[in-house]
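Working notes, structure below.
Any read-out appearing in this document is the output of simple, stated calculations on the displayed coordinates, not a laboratory observation. Predicted model only: the values in this text are computed from it and were never measured. All Cβ positions, even for glycine, are placed from backbone atoms using ideal geometry, and neighbour counts span all protein chains on display.
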Amino acid sequence: MPIINVKLIENVFSKEQKKEIISRLTDTMVDIEGENMRGVTWVYIEDIKEGDLGIGGHALHAADVHRMQHGE
């Protein structure tokens with residue numbers, strides 16, 4: 001059974017977007033391994049507190065990610 005762990009910075013994705021992430025990742029496993037995988041594919045979303053994850057030596061907050069999403 002596949003277990004997919006997705007780590008996201010809190011306050012970046014909405015509940016609806018998280019539902020879509022779960023659905024699409026499950027669909028991807030089904031595309032790879034067949035429909036029998038649907039019922040046994042686990043997708044676990046873990047929210048990481050803002051400032052507890054960094055890149056390039058800098059802590060990231062939701063506002064930073066939103067700026068990146070808009071190409072800033």
What angle do you read, to the nearest 10 degrees and between 0 and 90, between the alpha-carbon axis of helix 15-33 and the longest principal axis of the chain?
40 degrees
Cα-based Rg (one decimal) and Dmax (whole number) for the chain, in Å?
14.7, 42
Mind listing which trypsin sites (Lys or Arg not before Pro) in the stretch 31-72 are in a DSSP loop and have 11 or fewer other Cβ atoms within 10 Å?
K49
